[in-house]
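J.: Quick one: the structure is below, questions incoming.
Every number here is computed from the coordinates shown, using simple stated rules; none is lab data. This is a predicted model, so every value here is computed, not measured. Note that we place each Cβ from the backbone using ideal geometry, even for glycine, and neighbour counts take in every protein chain shown.
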Amino acid sequence: MKKHFPFSIFHFPLNFHLRNFQIERSKNKWKMVDGRWKIQSGQSLFEVVVALAISALVIVALVSLATNSIRTSIYSKNNSLATTYANQAIEWLRGERDRNMVNFNTQAYRFRSNIFKCFNSQPLAWPTGTGAAPVCPTSGTGSTISGTPFVRQLKFIITMTPAPVKTIYEADVTVSWTDSQGKHTVTSATVFTDWRQR
């Protein structure tokens, strides 16, 4: 049986070397079209699909990495601000105790509860009125610290010691915020006493 080759030695120039042809032939794919051999160029559909899949995986990984990085950065910033707001409230309470212990005692009893009461005013101030301190509204004015996503709340636990009689005020301040990952809370607690009591 006679073999047909896609070329003839008569089609090549006189200075053609067989070694050059073998290198070139190994780089190209030959295909029979209309009874003649032609070089097939380009990529197969499978190669294109695999390349696209790999590219898509790399892009998804980069986008996911960037998203996580941004989310972590925003959380760190909010956590730092929430801690600042909580510590600010504790320092303000300390100043109020030193300034007017009678008023501090009155207001502490307004915040004495099993649940946290609203403490969103900025600059800080005791809530108006004479009854128990209000709970933070879920929306609208006063639901957060003005201009922020943070909700600051305060709760006092008041105990008395036996002789010598001393009042102990445990102040718990929470600052919380909600984002795409859920609700986050920062808590700061301290104990106040009337340093005038001996």
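J.: Going by the structure shown, is T83 in a loop (DSSP other than H, G, I, E, B) and over 21 Å from W195 (Cα atoms)?
T.: Taking the combined requirement at face value, the residue does not satisfy it.
J.: While we're on this one: Six or more apart or on different chains, Cβ atoms under 7 Å: show the pairs whose first residue is in the range 178-198 and aromatic (F, W, Y) and whose second is assigned to a strand (DSSP E or B).
T.: Partner pairs satisfying both residue conditions: F192/Y169; F192/A171.
J.: Further question on the same structure: What number of residues in the range 110-131 are of a type in the set (G, A, S) and within 13 Å of V151 (Cα to Cα)?
T.: Adding up the residues that qualify gives 1.
J.: With the requirement that a residue be free of Cβ contacts under 8 Å to residues at least 40 places away in the same chain and either buried (at least 16 other Cβ atoms within 10 Å of the Cβ) or not in a loop (DSSP other than H, G, I, E, B) (or both), what does the range 127-170 give you?
T.: Matches in the range 127-170: P127, A133, C136, T144, V151, Q153, T159, M160, T161, K166, I168, E170.
J.: So the check is Cβ under 8 Å with 6+ separation or different chains; which pairs have a first residue in the range 63-78 that's of a type in the set (F, W, Y) and a second one that's not in a helix (DSSP H, G or I)?
T.: That search, which allows pairs on different chains as well, returns Y75/D179; Y75/Q181; Y75/H184.
J.: Applying the selection to the range 179-195, what residues are of a type outside the set (S, T, N, Q), farther than 23 Å from T167 by Cβ and surrounded by fewer than 14 Cβ atoms within 10 Å (Cβ to Cβ)?
T.: D179, G182, K183
J.: Out of all the residues in the range 109-121, is one or more in contact with a strand residue (DSSP E or B) (Cβ under 8 Å, 6 or more places away or on another chain), in contact (Cβ under 8 Å) with a residue 40 or more places away in the chain, among the charged types (D, E, K, R) and not in a strand (DSSP E or B)?
T.: no
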